[in-house]
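The values are calculated or read from the model by the stated rules, or taken from the named source; none is laboratory data. Since the structure is predicted, the reported quantities are computational estimates derived from the model, not experimental observations. Because the Cβ atoms are built from the backbone with ideal geometry, glycine has one as well, and the counts that use them run over all protein chains shown.
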Amino acid sequence: MCSLRPKAPSKVSKKTGKSFPERRNYLRLLRTFNVKIHIEGTSTEVEGVTCNISQKGSFVRSPSWAILREHDHTVVTLRLPPEMTGQPKTLNLIGPAVVKRIDKERNGIAFEFLRELRTFKSLL
């Protein structure tokens, strides 16, 4: 299960140990969506669930997290349910992403989208 604890408004510098405000260009939403991840150049696909998502990335929990490696280029398909979109069927948003980090403790993967989420291709 994804933790829905609020995000801290500040971070601590690893170098100096001092606090500074976290600066994000985009709001991070604590929403769960089913997601399919295809590793480019392979036939490998992984299923997971988002813990949070923004225009530039997402953290995804998956029982298959260990298959992925940092810097893997992927194609992510986010599945948005009809009750969220008002569409008659699930809306799939498809776009490129790169694995930024693997979190073994949380069984998940942090992705950076290579384009803003709002520009992902949409398919019903």
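Tabulated values for the structure
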{"read-out": "Residue ID - modelled with the lowest pLDDT, chosen from residues in the stretch 25-45 that are surrounded by 10 or more Cβ atoms within 10 Å (Cβ to Cβ), in a loop (DSSP other than H, G, I, E, B) and in contact with a strand residue (DSSP E or B) (Cβ under 8 Å, 6 or more places away or on another chain)", "value": "TYR26"}
{"read-out": "Residue that is touching a strand residue (DSSP E or B) at 6+ places or on another chain (Cβ under 8 Å) and loosely packed, with under 15 Cβ neighbours inside 10 Å, where the choices are GLU112, GLU105", "value": "GLU112"}
{"read-out": "Subset of the stretch 66-102 [buried (at least 19 other Cβ atoms within 10 Å of the Cβ) and either over 17 Å from ARG118 (Cβ atoms) or without any contact (Cβ under 8 Å) to a residue 12 or more places away in the chain (or both)]", "value": "LEU68, ASP72, THR74, VAL99"}
